[in-house]
Structures are given as C-alpha cells and as structure tokens.
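Everything below concerns the one structure shown next.
What follows is calculated from the coordinates using simple rules that are stated; it is not laboratory data. Keep in mind it's a predicted model, so treat the numbers as computed, not measured. As a convention, Cβ positions derive from the backbone with ideal geometry for all residues, glycine included, and neighbour counts pool all protein chains shown.
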Amino acid sequence: MSECIETDVLVLGNGIAGGIAAILLAEKGLQVTLVTKSNDSQESNTYFAQGGIIFKGENDSPALLAKDIKRAGAGLCNPLAVDVISTEGPDLVKNILIDKLKIKFDKKGNNTLSFVAEGGHSIARIIHSTDATGYAIQMAINDYIAHSNIELLKGHTAVDLLAPHHHSLDRLQVYDPRSCVGAYLLDQKNKKVIRCIAKKTILATGGLGQIYLRTTNPEGARGDGVAMAYRMGTRVINNQFIQFHPTTFFHPQASRFLISEAVRGAGARLVNADGKPFMQNYNTEWKDLAPRDIVSRSIHEEILKQGTTHVFLDLASYMPASKIKTEFPNIYKKCLEYGVDIANELIPVVPAAHYACGGVWVDEFGLTTINSLYAIGEVACTGLHGANRLASTSLLEGLVWAKRSAEDIIKTIKETPLPKKKNIPPWRDVGIADPDPALINQDMSSIKNIMWNYVGLVRNHRRLERAIRELRNLENEVEKFYRRAKVTDDLIGLRNAVRTSIIIANSAWEDRRSRGCHYREN
C-alpha cells in the first residue's frame, strides 16, 4: 500500500453511521475510503446493539415521537434535531434498511412488523431482529460494502486528524480558517503510519464506554473520535451526560454484556435480593419502563439499601420458557454459558456505562466547527438526546445523520479541492521501542477505576475534583510515554482515553445542576 492515500471522502468508523454514509457517497460516484481498526470489520457499537430501532407504530406521529424524546432528554434536547429525526427517521428505516439493505425485522403471524415498547416510549414503535438488531444491521452493511467500490481499510487506527493550520509545511496556512484534510492512519499489521488525504472527513468512531470499569461497549469504544476532534480545536459539548444502561449481566467471570431493554418491554420486572419488585417505589408512573437514568439510579440506591452487589431481572415469571428462548435467543444462550437459565431463573444485573449523549458539536448536516470535518453517530452531539437518550434512538440518529452528511458532502465537494500532499509531511515515528503492555494496562485500569468511582452514576464536588487532579497527572505521564514509544493501537487508545476522561470530568465538574443522566449530590 502507498504511504499516502488520496481520496474524496475519508470515513473513520464502519457502524451504521459510517457504513451508511460510505454507501450513499459511493453510490454517487465519489471515491470513499472507509477505515476500521477492527480486523474483521465487525467491532462497532452497532454490531453489539441488542435493542431495536424506532419505526412508526400504530397511531404514531412525528409529534408523539418528538414529545417522548424531549421528555427523556430532561428539557435539554435541541428542537431542530428532534424535528429532523421525528420527521425523517421512519422513512429512512423503510427506504434504506428495509428496502435497500433487505434487513429482516421480526414480524407477527400476519406478516406485519412486530412493534414493542421500551422505556420512555408512550406507544410500541420499536422494531427488532430478535435480540440482535445491531448485528443484523452491521452484517447487511458489511455485505453491501463488500460488493461496492468502497476502499475498506481493516486493521487501521486513526492516530490524529490532519489540519493544514497545524501540520502543513506551508506555515502561511496557519492564517487560514481551521479545516480537516484527512488523518494519519496506523497500519497495525505492517506497523507503519500512512497519510490519508481527503477533501472531506467523517468521524463515525462510536462511543467511549471503555473508559469506565463496567460498560456494555466493545473494546474499541475508548473515545478516540472525541479526543482527536478536541486536539484539533473542534467544539465538544454536553460531555457530562453519560447514560448508564440499567441492566447488564452480573457475574464474577463474565464481561458485562447487555440485557436488552426489550426484556423489560416484554414484561420483565426488576426485583431485589428478596425477590420483590422495587421500581414502583422510585417511579410510580413508568415503574420498570422508566427512562434509563431513573432506573439506573434506582438500582444503585436499592443495592446500597440492601448491601448487595447487584439486583435481578425476573422474566421467567412473566413469559413462557419457550417464548423466552424464541424472542431472546442470544441473551438466553449467553447467560446459559455462565450457568444462568433465564427461562427459569432470575437474571443478575447491574448498571454499566452505555452511551455518550454529548460529543463533538455538529449542525443539522453533521458538520463540525472545523471546515470539511463531519461527525455522525455516537461520537457526535446533535443535541437530539439532551441530558438523557430515549431508548432505541441511537441507531436511528446514526442512520439519519449518515444520510444528511452524505447529502451535504455531495452538494459541496465540488467546491473543495484535494489538498496538496506535498504540504502534509509523512509521519515521523520518534519512538525508540515498543510500548510496555504492562504500563498501558495499568494506566487503562487507573482510568477505568477513576471514572467509575468518581465520575459515575452519582457525582459530587469532592469526587470530581479528585478525578480531574488524578487524570491530569496521568495524562502528563501518558503523553511522555506516547512520545518515547513506537505508536501502537493500544497506546493510541490510552492517549485518547485519558483525554476523553478529562473532558467528561471537567464537564461534570462545571455543571452543578442534576439533569438527566448527570446526577450530582452537591
């Protein structure tokens, strides 16, 4: 492979946002380079999304969906973003996911789509592909891309975004407006960094849950996009709003995996160690289907009250065993691996970091405050989610802004010349040795524990002060480490994780008001 790739559009991330944007751009004849740090093109937040995607339920309307989104968002939702997704979202599910990608969503006996209710929704409007909706979407995207002219770079990690005002050998470009012209990419297999120069760049790098001790996110979700954008000077907002999923499987030997909200939508109840339902004690209106921040804090309080490590989900009392195995086959199989038969037993669960409601500020077309740089999906903050995301809006948001960013790029790319590669220097690796894995693992462990204990479900002034102090000290050490060692995916991830953690901790410290999934005791 050439040391320098030149392309029309560079897309970083291949989940629903990046993948759909790449497909739509390539269909219009643009040269698209799609990058994923995974070697099998499957590691994305989309791939691991069990829950469904919003469609249009019976007697549904854009106004009703908008009302539910705003209620969940605790008064902080961007009205423009809410209007965009409410009016455009369902049609795009039909046109792109169902008609173009041929995704098979669950149907009822009469061959009509099966709708379910989820927390915070006033009606049943969520469609699923069993309990692996994200998997079905990701596989369809991967298959479509495999038969397209998109250049897919697997096993490549974005090191940093390319900015003429910072990287250009023509120092007079420091006076130009800030813009993005691609990225440095680490070829993991060949252990070298290449340049990818592009007219337009799309950040679709996903989430950041791996900076927390407990998370539903895949290994690669460490805040890469937020950190890279921040270093470039891009505006980032609402980063204090980290949504914790109330129900992840609890087992000493198991990594945290999601027990979908659809389980509660199907009738399951949260019960304490005594087997008694408790959500009615915390929220009389919604009970077990309350918005996620309420359910997560209720579980947290119940755990503290009882002095236990977790609570339970009772599905077996509310659904026949045969139906459980049919409707939730993957959850059933995964729990059974750890000796829990959810068709007959209680499911042990705890909250875990799940979704970043904030991120890189973007407009209604996904454009950031940096020229030619777009951000879509979880890395972006459209303002849709406000202070707390409504269930099953994330896949829809990725889809809608993939379409909108692609349209904006198609409309404006003719006005954007390809940057001169002679002005962007090749990567200089000044590291003298491979980084010590023990040091990386220890630093990541420190980040996860600081974030979980001090910037987690319940925050206060003292905890946040300590978090910021310890994270800043750690970042100083990580930056020294980064400059002395040869660059690797793990080292890139560590650097991004500590920077993203500081961004979140600072946002939480500055916001003294409890709203949505940001909860402060003082």
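With a/c under 1.5 counting as rounded, go ahead and sort the range 382-522 into rounded, prolate or oblate using the C-alpha gyration tensor (a ≥ b ≥ c being the square roots of the eigenvalues; past the cut-off, prolate if a/b is larger than b/c, else oblate).
Values: a/c = 2.43, a/b = 1.07, b/c = 2.28.
The shape class here is oblate.
Using the Kirkwood radius over C-alpha pairs as Rh, can you work out the diffusion coefficient of the range 249-352 via Stokes-Einstein at 20 °C, viscosity 1.002 mPa s, in µm² per second? Don't skip to the end; give the middle numbers.
Details: Rh = 13.8 Å.
The calculation lands on 155 µm²/s.
Work out the charge dipole of the chain with +1 on the Cβ of Lys and Arg and -1 on the Cβ of Asp and Glu about the Cα centre, then indicate which of I150, S2, Q173 is farthest towards its positive end.
Q173
With +1 on each Lys and Arg Cβ and -1 on each Asp and Glu Cβ, how big is the dipole of the chain about its Cα centre, in debye rounded to the nearest 20? Intermediate values should be presented prior to the final figure.
Numbers: 64 positive and 57 negative charges, 144 e Å.
About 700 debye.
For the chain, find the longest principal axis of its Cα atoms and tell me its angle to the long axis of helix 292-306, 0 to 90°, nearest 10.
60
What does the extension gain come out to for Q280 and K100, with contour length at 0.36 nm per residue minus their alpha carbon separation?
Working: separation 180, 0.36 × 180 = 64.80 nm, distance 4.31 nm.
Value of the extension gain: 60.5 nm.
What size of dipole, in debye to the nearest 20, comes out for the range 116-242 about its Cα centre when the only charges are +1 on Lys and Arg C-beta atoms and -1 on Asp and Glu C-beta atoms?
Working: 14 positive and 10 negative charges, 80 e Å.
Rounded to the nearest 20 debye, it is 380 debye.
To the nearest 10 degrees, how steep is helix 437-454 against the longest Cα principal axis of the chain, on a 0 to 90 scale?
That helix lies at roughly 50 degrees to the long axis.
Rounded to whole Å, give me the distance from the Cα center of the range 364-439 to that of the range 215-248.
The two parts, judged by their Cα centres, are 13 Å apart.
To one decimal place, what orientation-averaged projected area in nm² is obtained for the convex hull of the Cα set of the chain?
On the way: hull surface 93.9 nm².
Hull-based average projected area comes out at 23.5 nm².
Given the pairs K192/K420; K37/K108; K56/K199; K403/K448, which span a C-alpha to C-alpha distance of over 31 angstrom in this model? Don't skip to the answer; put the middle values down first.
Numbers: K192/K420 22 Å; K37/K108 38 Å; K56/K199 37 Å; K403/K448 34 Å.
Flagged as over cut-off: K37/K108; K56/K199; K403/K448.
With +1 on the Cβ of every Lys and Arg and -1 on the Cβ of every Asp and Glu, and nothing else charged, how large is the dipole of the range 249-352 about its Cα centre, in debye rounded to the nearest 20?
Working: 12 positive and 12 negative charges, 28 e Å.
Computed charge dipole of the range 249-352: roughly 140 debye.
Students often check this: by mean Cβ neighbours within 10 Å, which of 120-129, 353-362, 77-86 ranks highest, and how do the rest follow? Write out the running numbers ahead of the final one.
Working: 120-129: 21.3, 353-362: 26.5, 77-86: 19.6.
Descending mean neighbour count gives 353-362, 120-129, 77-86.
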